[in-house]
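The values are calculated or read from the model by the stated rules, or taken from the named source; none is laboratory data. Just so we're clear, the structure is a prediction, and the values are computed from it rather than from any experiment. Cβ placement follows ideal geometry from the backbone for every residue including glycine, while neighbour counts extend to all protein chains displayed.
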Amino acid sequence: MSILDNARISAVCSRREAMLEPDEVTAMLRLSKLGWGSRRIAREFGCSRTTVQRYIGVGGWQDFRSPRKGVSKLAGHEAWLRARFFRHRGNADVVRQDLARELGVTVSLRTVERAVSGYRQELAAEATATMRFETPPGHQMQIDFGEKRVCLAGEMMRIYMFVATLGYSRRTFAMAFRHERQSAWLDGIEAAFRYFGGTTTEVLLDNARALVTHHDAATREVIFNDRLHAFSRYWGFRPRACAPYRARTKGKDERGVGYVKHNALAGHSFASMEALEQHIAWWLREVADTRCHGSTGEPPLQRFVRDEASRLRPLQGRPPFRQLRELVRKVHSDCAVEVDTNAYSVPWRLVGESVQVTLSGTRVRIFHGGQLVAEHAEASGRHRRLTDPAHFVGVSGVGAPVRRPVVPETAVTPSPELLRPLLEYEQLAGGRW
């Protein structure tokens with residue numbers, strides 16, 4: 001191909017990209033009336049066939065540049081759009097529905113998506129940005145569950161891993177379960193307390209349905225499960241739920257769950273559940289406790305022993321919570337409540353009142369109005385009576401001779417007529433009583 005041919009091709013291509021002049025369009029229409037086809041006219045004028053058809057279709061020259069867009073229907077609603085976009089977590093279709101229902105503005109979904117496109121990066125940044133905060137020793141323990149498929153006895157099974165992480169030392173505890181029900185959560189927390197040797201001031205947890213009844217994302221109002229409330233009172237910690245849709249606020253344990261799944265369990269198979277539990281115990285002792293933690297720069301066990309172990313609240317020999325029995329009893333007139341045929345005394349002023357009785361381990365504790373009013377060792381037999389003398393202080397006959405009513409000397413002596421023998425009444429009645 002010659003240089004002249006290349007120049008002609010470049011000129012044709014440039015003309016195809018440029019708009020035709022009015023006189024050229026007039027000549028184009030004249031050739032069309034003479035019977036020329038659109039393909040032949042396009043070759044003659046060096047433009048595309050589509051351009052020829054467009055000019056012939058409108059019957060003359062026309063400026064085909066995009067018309068200037070008018071004012072958008074969403075003009076003036078930018079602040080409203082941004083607020084609703086973040087409220088609905090980036091769901092543009094819900095924003096479109098709110099526009100029509102609340103503002104009476106009807107637009108297409110694509111229009112809304114174009115209007116909020118600038119907010120998506122900000123929303124993504126908000127979802128991932130997390131400010132690191134540190135808690136003092138013994139203050140917080142974070143808990144969570146993670147699931148992983150593990151080979152047990154030659155069969156792939158889904159295992160649920162409970163993971164607890166101390167907020168200060170980053171020491172980790174893990175325990176395997178076959179489910180994620182409420183009992184697993186409570187048993188896991190108790191096992192973590194026993195593993196660490198004490199309880200923390202608060203426990204940060206996810207919004208699991210087994211623990212949290214309701215958590216309002218806007219007001220942050222939290223309603224915990226009644227069983228969790230009783231459990232937290234029993235162990236003396238304060239439950240705290242992380243923000244909804246913000247599991248990163250529980251980031252220490254979120255990373256801990258991933259660490260357990262991808263380090264302790266990755267690529268392993270086990271002959272039984274007992275073998276899995278033994279492996280986790282070994283891994284916690286030999287790997288998790290002794291590694292150099294990336295955030296603290298020292299092994300979690302070393303940091304725990306030095307700074308945190310002494311800050312945990314002692315367990316005081318409490319038995320497991322699920323062995324706890326809670327009863328309601330009414331105090332009898334003998335200043336005692338009956339439990340399993342045995343009687344346990346309470347302060348005499350509570351006669352007739354309803355009290356709460358808890359049995360845990362070998363202790364019987366009695367509460368009234370949330371206050372401990374009596375505590376006894378659990379009776380070993382049946383039909384026993386356990387009393388505390390302090391409960392009867394002020395009651396007649398306790399710690400002193402029984403006080404009998406004294407008849408005054410000026411009392412009136414009954415008339416002899418009123419002291420007839422019963423035989424006379426029997427004769428009048430016609431028989432014996």
Candidate set from the stretch 234-251 (those that are modelled with pLDDT of 85 or more and over 10 Å from the mean Cα position of the chain (by Cα)); member that is farthest from Leu166 (Cα to Cα): Tyr234
Count of residues meeting criterion [in a strand (DSSP E or B) and surrounded by fewer than 18 Cβ atoms within 10 Å (Cβ to Cβ)] in the stretch 311-342: 8
Identity of the residue in the stretch 211-233, surrounded by 16 or more Cβ atoms within 10 Å (Cβ to Cβ) and part of a loop (DSSP other than H, G, I, E, B), that ends up farthest from the chain's Cα centre (by Cα): Asn225
Residues located in the stretch 343-358, provided they are surrounded by fewer than 18 Cβ atoms within 10 Å (Cβ to Cβ) and of a type outside the set (Gly, Ala, Ser): Trp348, Arg349, Val351, Glu353, Gln356, Thr358
Residue pairs meeting the criteria (Cβ under 6 Å; at least 6 apart or on separate chains; first within 14 Å of Asn91 (Cα to Cα), in the stretch 105-123; second charged (D, E, K, R) and surrounded by fewer than 12 Cβ atoms within 10 Å (Cβ to Cβ)): Leu109/Asp93
Residue match in the stretch 311-318 (condition: over 30 Å from Glu202 (Cβ atoms) and polar (S, T, N, Q)): no
Output for the stretch 73-90, where each listed residue is within 29 Å of the chain's Cα centre (by Cα), under 13 Å from Leu103 (Cβ atoms) and charged (D, E, K, R): Arg84
In the stretch 293-310, the residues that are in contact (Cβ under 8 Å) with a residue 12 or more places away in the chain and surrounded by 16 or more Cβ atoms within 10 Å (Cβ to Cβ): His293, Pro300, Leu301, Arg303, Phe304, Glu308, Ala309
